[in-house]
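One structure below.
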Amino acid sequence: MTEEAKKPSMYDNVLQQFNKTADRMNLNPNIRRILAITNNELIVHFPVKMDNGEVEIFTGYRVQHNNALGPYKGGLRYHPTVDVEDAKALAIWMTWKTSLAGLPYGGAKGGIQIDPRNYSLAELERITRRFTYALGDNIGPELDIPAPDVNTNAQTMAWIADTYMSTKAPGERSQNQHVVTGKPVGTGGLEGRDRATGFGVYLNIRLLHESRGETLEGKKFIVQGFGNVGYWASKFLTRDGAIMLSVQDAHATLYKEDGISVDDLYEHSKPRKGSIQGFDGAPEIDPADFWGIECDILIPAALGNQITASNADQIKARIVAEGANGPTDNAGEKILLDKGITIIPDILCNSGGVIGSYFEWLQNRNGELWQLDEVMAKIEKKITEVFHKVENKVSEEQVDWRTAAYMLAIGRIETAYIQRGIFP
């Protein structure tokens with residue numbers, strides 16, 4: 001069997017994490033059975049006419065894991081690796097993330113199996129609108145609320161909202177604006193939603209340092225992925241005096257001992273669809289050397305399963321802050337924990353995005369408009385509360401941060417099931 005074939009999937013990882021936590025907290029066996037499976041798995045195939053007049057068939061996914069606490073919530077990604085197994089894993093993580101954050105949501109995830117770089121903007125619009133139509137009433141503002149994820153953005157959400165709203169009676173259209181979150185501000189979006197996830201990553205790192213009596217001044221960090229999350233986390237960290245030593249994406253790995261300018265790199269990557277390749281403000285290094293760079297903080301903010309048994313030994317950071325979903329597999333995590341490295345788990349570390357989404361959903365639902373400073377204050381208050389709950393659980397139970405976060409998240413859902421009972 002090849003090394004690739006033996007590598008556990010994200011779905012294997014999430015089930016192992018769940019079972020480990022369920023054992024630790026003596027989870028009610030009936031609730032354990034419910035949470036171990038997904039409620040719905042939708043696969044849709046739909047035709048779209050390309051710019052050259054040819055019709056192409058696309059495959060889209062939407063997995064809805066659990067809605068005991070409220071409507072399903074989770075992103076849509078456009079990536080060649082999207083499949084039902086990964087969507088299941090990501091949907092389960094969303095259930096834990098929304099529960100941990102104390103939001104009235106369950107978890108879902110989905111997307112389309114494409115590389116968006118191969119399509120024009122007009123084609124992407126038609127693909128998105130046709131996907132929305134194919135999903136039909138399987139999404140909705142009180143049922144399942146998608147959001148941006150890998151390779152999707154505010155524009156994608158605007159197309160989804162417009163398509164979904166146009167399928168409703170004229171008098172009902174404005175009531176369905178919150179079918180998605182992460183929309184442009186001009187079409188019901190939230191001020192600050194663009195930076196919410198990255199801000200949450202930064203805030204968790206800052207709070208962890210504060211709890212240890214330290215500041216971010218002079219702390220050195222490396223970041224994998226310089227999309228929305230990696231950029232904003234880096235921007236906030238450097239504002240507090242931290243130094244960005246290295247950045248890695250799918251195209252290049254940059255390293256500069258005295259620090260890389262976040263703003264200069266962003267300006268370089270923006271017209272190149274996010275690629276950091278060719279940046280003259282820092283030399284490129286061998287991608288294999290990235291993980292072994294001496295630093296205080298490592299932020300994996302790209303895709304899942306990046307830190308594994310094959311590279312975890314090289315990591316010299318004291319803190320791994322998971323900006324991506326599922327970036328550390330279970331074998332990699334064990335190595336990091338044995339080395340005394342603190343992992344701020346994804347369901348806590350990158351929850352700023354879904355917390356921002358909740359406020360956007362509320363804003364649309366209530367017909368309100370909030371200013372940027374109000375929004376950031378709300379997000380900071382919420383994340384700070386959750387961080388300290390997890391910190392206290394780590395101390396009480398003498399467990400790692402991920403197990404503590406899972407215990408809180410799953411415990412909240414367990415309470416809901418015990419109080420409500422199972423129909424019929």
Across segment 30-41, which residue is surrounded by the fewest Cβ atoms within 10 Å (Cβ to Cβ) among those that are out of contact with any strand residue (DSSP E or B) (no Cβ under 8 Å at 6 or more places or on another chain) and either polar (S, T, N, Q) or outside any loop (DSSP other than H, G, I, E, B) (or both)?
Arg33
Answer with yes or no whether Glu396 is surrounded by fewer than 22 Cβ atoms within 10 Å (Cβ to Cβ), without any contact (Cβ under 8 Å) to a residue 12 or more places away in the chain and outside any helix (DSSP H, G or I).
no
Considering segment 241-251 alone, what residues qualify as being modelled with pLDDT of 95 or more and either in contact with a Cys (Cβ under 7 Å, 6 or more places away or on another chain) or surrounded by fewer than 17 Cβ atoms within 10 Å (Cβ to Cβ) (or both)?
Gly241, Leu245
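Results for (1) over 24 Å from Ala36 (Cα atoms); (2) within 17 Å of the chain's Cα centre (by Cα), shown as yes or no for each residue.
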{"residue": "Ile347", "(1), (2)": "no, yes"}
{"residue": "Ser351", "(1), (2)": "no, yes"}
{"residue": "Ile355", "(1), (2)": "yes, yes"}
{"residue": "Leu362", "(1), (2)": "yes, no"}
{"residue": "Leu369", "(1), (2)": "yes, no"}
{"residue": "Asp400", "(1), (2)": "no, no"}
{"residue": "Met407", "(1), (2)": "no, no"}
{"residue": "Ile422", "(1), (2)": "no, no"}
Report, by residue number, each residue of segment 280-304 that is more than 14 Å from Tyr255 (Cβ to Cβ) and either buried (at least 20 other Cβ atoms within 10 Å of the Cβ) or outside the structural domain of Asn228 (by TED's automatic domain parsing) (or both).
Asp296, Ile297, Ile299, Pro300, Ala301, Ala302, Gly304
Tell me which residues, restricted to segment 42-71, are loosely packed, with under 12 Cβ neighbours inside 10 Å, of a type outside the set (Val, Ile, Thr) and either closer than 23 Å to Gly102 by Cα or in contact (Cβ under 8 Å) with a residue 12 or more places away in the chain (or both).
His45, Pro47, Asp51
Test for Asp12: is it surrounded by 20 or more Cβ atoms within 10 Å (Cβ to Cβ), modelled with pLDDT under 95 and not hydrophobic (A, V, I, L, M, F, W, C):
no
Could you list, in sequence order, the residues of segment 155-190 that are surrounded by fewer than 20 Cβ atoms within 10 Å (Cβ to Cβ) and under 20 Å from the mean Cα position of the chain (by Cα)?
Gln155, Pro184
By my count, strands (runs of 3 or more DSSP E) wholly in segment 42-119 with at least 2 residues that are more than 16 Å from the chain's Cα centre (by Cα) and over 17 Å from Ile160 (Cβ atoms) are 55-66
Residue count, segment 126-137 (criterion: more than 14 Å from Gly111 (Cα to Cα) and buried (at least 16 other Cβ atoms within 10 Å of the Cβ))
1
Single match in Asp144, Asp86 (criterion: more than 24 Å from Lys168 (Cα to Cα), touching a Phe, Trp or Tyr at 6+ places or on another chain (Cβ under 8 Å) and of a type outside the set (S, T, N, Q))
Asp86
Given the residues Glu172, Glu210, Glu191, Glu217, which is the only one that is out of contact with any His (no Cβ under 7 Å at 6 or more places or on another chain), among the acidic types (Asp, Glu) and under 25 Å from Asn392 (Cα atoms)?
Glu210
What about Ile276, is it among the β-branched types (Val, Ile, Thr), in contact (Cβ under 8 Å) with a residue 60 or more places away in the chain and surrounded by 14 or more Cβ atoms within 10 Å (Cβ to Cβ)?
no
Which ones in segment 196-218 are crowded, with 20+ Cβ neighbours inside 10 Å and part of a loop (DSSP other than H, G, I, E, B)?
Leu216
So which residues in segment 212-227 are touching a residue at least 40 places away in the same chain (Cβ under 8 Å) and farther than 14 Å from Ala321 by Cβ?
Phe226, Gly227
Sort through Gly171, Gly136 and tell me the only one that's at pLDDT below 95, assigned to a helix (DSSP H, G or I) and either of a type outside the set (S, T, N, Q) or touching a Lys or Arg at 6+ places or on another chain (Cβ under 9 Å) (or both).
Gly171
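The values are calculated or read from the model by the stated rules, or taken from the named source; none is laboratory data. Just so you know, these numbers come straight off a predicted model, no measurement behind them. Using ideal geometry, Cβ is built from the backbone for each residue, glycine included, and neighbour counts are taken over all protein chains shown.
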